[in-house]
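A.B. asks: I am attaching a structure below and will ask some questions about it afterwards.
All of the numbers you see were taken from the coordinates with simple rules; none came from a lab. Since the structure is predicted, the reported quantities are computational estimates derived from the model, not experimental observations. Here the Cβ positions follow ideal geometry from the backbone for every residue, glycine too, while neighbour counts run over all protein chains shown.
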Amino acid sequence: MGLRARRAIASVGIVAFLVLYVWGVIAIGAHVPDHPVATLLFYGLAGTLWGVPLLPLMSWAEGKPFLKKR
């Protein structure tokens, strides 16, 4: 599969993942206790961790192995 096709597939996958991720964060966030520290921790983690699942997809899109063994 060519690099251009991989990037197109990855772009659609990233958008789909982010839509579902934001929906999930909003749904779970409704159940977080109404305390400023709890809200800060939840949304701080959710805002930081969204990129972790996308790393293998972006690596695949560029044609490079995600975890290169030495």
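A.B. asks: Rounded to the nearest 500, what is the chain's calculated 222 nm mean residue ellipticity when only DSSP H runs of at least 4 contribute -39500 (n - 2.57) each, over all residues?
C.D. replies: Taken over the chain, the calculation gives -22500 deg cm²/dmol.
A.B. asks: Is there a quick way to get the dipole size of the chain? I mean about its Cα centre, with the Cβ of Lys and Arg at +1 and of Asp and Glu at -1; what is the value in debye to the nearest 20?
C.D. replies: In debye, rounded to 20, the chain gives about 660.
A.B. asks: Using every pair of alpha-carbon atoms in the chain, split the distances into 10 Å bins beginning at 0 and state the percent of pairs per bin, rounded to integers.
C.D. replies: Result, from short to long distances: 18, 37, 26, 15, 4 percent.
A.B. asks: Quick one: angle between helix 36-49 and the longest Cα principal axis of the chain, in degrees between 0 and 90, rounded to 10, please.
C.D. replies: Orientation of helix 36-49: about 0 degrees from the principal axis.
A.B. asks: Okay, moving on. Going toward the positive end of the dipole of the chain, with +1 on Lys and Arg Cβ and -1 on Asp and Glu Cβ, which of Gly63, Ala10, Gly44 do you reach last?
C.D. replies: Gly63
A.B. asks: What is the helix-to-structure angle for 3-29, meaning the angle in degrees between its Cα long axis and the longest Cα principal axis of the chain, kept from 0 to 90 and rounded to the nearest 10?
C.D. replies: Result, in degrees: 10.
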